[in-house]
């Protein structure tokens, strides 16, 4: 059973998420067929990715199939939902059917976002998500006034698995200078570093 946990993003994490989202807009990397909001949720997904990297580690790949690759090869796709209120365990996680059918990933990691507040809400394997109920486009989410914009699988966060942080609680995440190699630093115009979370390239400053 998952426990919904609130985290605050660091200024570095917010800045990097903003840069990545601006790059998404520039190159029209919206994933329109794979997101419930037709690509409009790209900004909150980027915020979720920043927290995911802090908590579970891995390398940000951002392929059409998954977002993060862990050291053991596990492929994780980040799903983030923008909310106006803090999430509760009975609130639902969603995966669009198009995303589920098209993407070749192993795991889904769920977040809720409200401004700069990001909640870690749990995870599920792709096989588990496939067993979830289906909400059809235009149908009301049970117990709410929200209508699905696409066909999607859904289940409450309480039925998701608990995420065990890779780093000890209270340990600050690495600063941005430790995340970007020179090549990616120049591309994203961020602070230079000796380890790149995007390409896993090691280089000296």
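Bear in mind that the values in this text are calculations on the coordinates, not laboratory data. Not measured: the values here are computed from a predicted model. Here Cβ is always computed from backbone atoms with ideal geometry, including for glycine, and neighbour counts include all displayed protein chains.
Numbers below:
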quantity: Prolate/oblate/rounded label for the stretch 50-112 (Cα gyration tensor, a/c 1.5); calculated: oblate
quantity: Net lengthening on full extension, residue 25/residue 6 (0.36 nm per residue, minus Cα-Cα); calculated: 4.1 nm
quantity: At R0 = 41 Å, FRET efficiency that the Cβ-Cβ distance of residue 126 and residue 14 yields, to 0.05; calculated: 0.90
quantity: Cα point-scatterer Debye curve for the stretch 5-168, base-10 log of I(q)/I(0) at q = 0.08, 0.18, 0.19 Å⁻¹; calculated: -0.20, -1.17, -1.33
quantity: Gain on full stretching of the segment that runs from residue 85 to residue 65 - 0.36 nm per residue minus C-alpha separation; calculated: 4.2 nm
quantity: Length gained when the stretch residue 140-residue 114 is fully extended (0.36 nm per residue, less Cα-Cα span); calculated: 7.2 nm
quantity: Burial order of peptide ranges 46-54, 143-151 (average beta-carbon count within 10 Å, highest first); calculated: 46-54, 143-151
